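Chemist: Can you keep this structure in mind? I'll have questions shortly.
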Amino acid sequence: MTPRTRALLPALALLALLAAIPFVLDGRYVITQMTLFFIWATVATQWNLVLGYGGIFSLAQMALFACGAYVTAMLGYYFDLTLWLAMPIGGVATMLLSMLIGLACLRLKGPYVALLTLAVAQVLYILIINDTECFRMTDSGCMPLMGGVRGISRFGDLGFRELFGRNWIVASYLCGLLLLLVATVFTVIITRGPMGLAFRALRDNPGYALSRGISKFKYQLWLFAMSAFFTGLAGAFYAAHFRVVGPAVFSITLLLFLLSMVVVGGIGTLWGPILGTAILMLADEGLKEVSDYRALGLGLVLPLFIVLLPAGAAGTLAKLKIRPARAAVPPDA
């Protein structure tokens, strides 16, 4: 068995375990939370790809997530398009939006990228909540184009309820797991392929990389756009699963919560975002019993990791695996 095959075994075992959970556990709440975990983990992996590997300090990820969700909802609501077709269209629309944002922002550096991408996200949020002009009359009254503060609902679903009855939630769970799997495979291909080598060259020796014809702007733009497709697809699946989308997806609280998942798991690590998503969602779930201290507890998790485990959970685990091997080398070796 090759080392690469041995490295895949834990991932395959985890995949099999996750696929078996809905058939072992009968709790709808647990399955729903796990489906939400797959959505947030997908967003976190793509954010980590942009931030940890591409070096792009973007805060536009939730705007891209919202773009996928809104495009899917609007196609279903106004054109009665099946969501199986609307979802990939939402992903492509998000990719096009990300390229426009990238063309405007990626020539900047450091905090300027963060501020400009956050400004773009806030402009989109303001456009949506200020959308009050009547676009279509419905049974419940006037409907703005993008739903305004009410959002958009009753735009259809994935058809799992008609096909599987009360077990529709299991089918949706497996669909979310497939989304995370494809996004993770995409991340592996990017980080282990030529683009990953280009970004490591730009990080380790930018002068040499530029002299060899590696364009930082071009590679960052392509990475930003490709990761945006999966971020938008996650937003599209979120809308299809919950059958409603509103301005809450632009929330600063949600944005910081998802960014904390990347930091807690380990920026620039392959499995870190998934691990960080699990840690913070478990912490959030545990703190629901003490709702008065929930925000305080979650607020303490991030600084504790930054101070005590700056490499994140995945980075720390990797270091723990290396240290025993070094200690085993004889002093005179």
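The values are calculated or read from the model by the stated rules, or taken from the named source; none is laboratory data. Note that this is a predicted model, so its numbers are computed, not measured. Ideal geometry is used to build each Cβ from the backbone, glycine not excepted, and the neighbour counts take in all protein chains shown. Heads up: the accessible areas ignore ligands, DNA and RNA and are worked out on the full protein's heavy atoms, side chains in. Shrake-Rupley method; radii C 1.70, N 1.55, O 1.52, S 1.80 Å.
Chemist: What are the membrane-span-like helices in the chain by this rule: whole DSSP H runs, Cα extent along the axis at least 24 Å, mean Kyte-Doolittle hydropathy at least -0.5?
Modeler: Span-like helices here: 3-24, 28-48, 61-79, 83-105, 111-129, 168-192, 216-242.
Chemist: Under the Cβ-under-4.7 Å rule, which cysteines of the chain stay unpaired?
Modeler: Among the cysteines of the chain, those whose Cβ sits 4.7 Å or more from every other are Cys67, Cys105, Cys175.
Chemist: Starting with the highest mean, order 37-44, 77-84, 139-146, 218-225 by the number of other Cβ atoms within 10 Å, averaged over the residues of each peptide.
Modeler: Descending mean neighbour count gives 37-44, 218-225, 77-84, 139-146.
Chemist: Continuing with this model, one more query. Round to a whole number: what % of the accessible area of the chain belongs to carbon and sulfur, probe 1.4 Å?
Modeler: So the carbon and sulfur contribution to the accessible surface is 70 percent.
Chemist: A further question follows. Toward the positive end of the charge dipole of the chain, about the Cα centre and with charges on Cβ (Lys, Arg +1; Asp, Glu -1), which of Leu59, Ile31, Met146 goes farthest?
Modeler: Leu59
Chemist: If you don't mind, there's one more thing I want to ask. Show that you can apply the helix-only estimate: for the chain, add -39,500 (n - 2.57) for every DSSP H stretch of four or more residues, divide by all residues, and state [θ] at 222 nm to the nearest 500.
Modeler: -24000 deg cm²/dmol
Chemist: May I ask you to give the average projected area over all directions of the convex hull of the Cα atoms of the range 142-278, in nm² rounded to one decimal?
Modeler: Averaged projected hull area, Cα only: 11.1 nm².
Chemist: I would also like to ask the following. Taking only Cα atoms and a 10 Å spring cutoff, compute GNM fluctuations for the chain and point out the largest among Thr45, Thr253, Thr187.
Modeler: With Cα springs under 10 Å in the chain, the top fluctuation among Thr45, Thr253, Thr187 is at Thr253.
Chemist: Only four residue types carry charge here, +1 at the Cβ of Lys and Arg and -1 at the Cβ of Asp and Glu. Report the dipole size of the chain about the Cα centre in Debye, rounded to the nearest 20.
Modeler: The calculation lands at about 1100 debye.
Chemist: Another question, if that's okay. Using the basic label-point model (7 angstrom from Cα toward the beta carbon), what is the Leu282 to Asn130 distance in nanometres?
Modeler: Label-label distance for Leu282 and Asn130, simple model: 4.5 nm.
Chemist: Next question. Which order do the peptides 273-285, 155-167 take when ranked by the mean count of other beta-carbon atoms within 10 Å per residue, highest first?
Modeler: Going by the mean number of other Cβ atoms within 10 Å, highest first, we get 273-285, 155-167.
Chemist: How fast does the chain diffuse by Stokes-Einstein, in µm²/s, taking the Kirkwood radius from C-alpha pairs at 25 °C and 0.890 mPa s?
Modeler: After rounding, the answer is 115 µm²/s.
Chemist: Follow-up question, since we're still on this one. Could you pull the accessible area for Val71 with a 1.4 Å probe, rounded to 10 Å²?
Modeler: 40 Å²
Chemist: Something else now. Using unit Cβ charges (K, R positive; D, E negative) and no other charged atoms, how large, in debye to the nearest 20, is the dipole of the range 79-230 about its Cα centre?
Modeler: 760 debye
Chemist: Mind telling me which of Leu258, Leu103, Leu233 comes out most flexible in a GNM of the chain, alpha-carbon contacts under 10 Å?
Modeler: Leu103
Chemist: A follow-up question, please. Among all the lysines, which ones have a C-alpha under 24 Å from Lys216's C-alpha, if same-chain residues fewer than 8 places away are not counted?
Modeler: Reachable lysines: Lys109.
Chemist: A follow-up question, please. Any idea which of Gly176, Ala228, Gly196 is furthest toward the positive side of the dipole for the chain, if Lys and Arg beta-carbons carry +1 and Asp and Glu beta-carbons -1?
Modeler: Working it through, the farthest residue towards the positive pole turns out to be Gly196.
Chemist: First obtain the Kirkwood hydrodynamic radius of the range 113-197 from its Cα pairs, then insert it into the Stokes-Einstein equation at 10 °C and 1.306 mPa s, and state the resulting D in µm² per second as a whole number.
Modeler: 93 µm²/s
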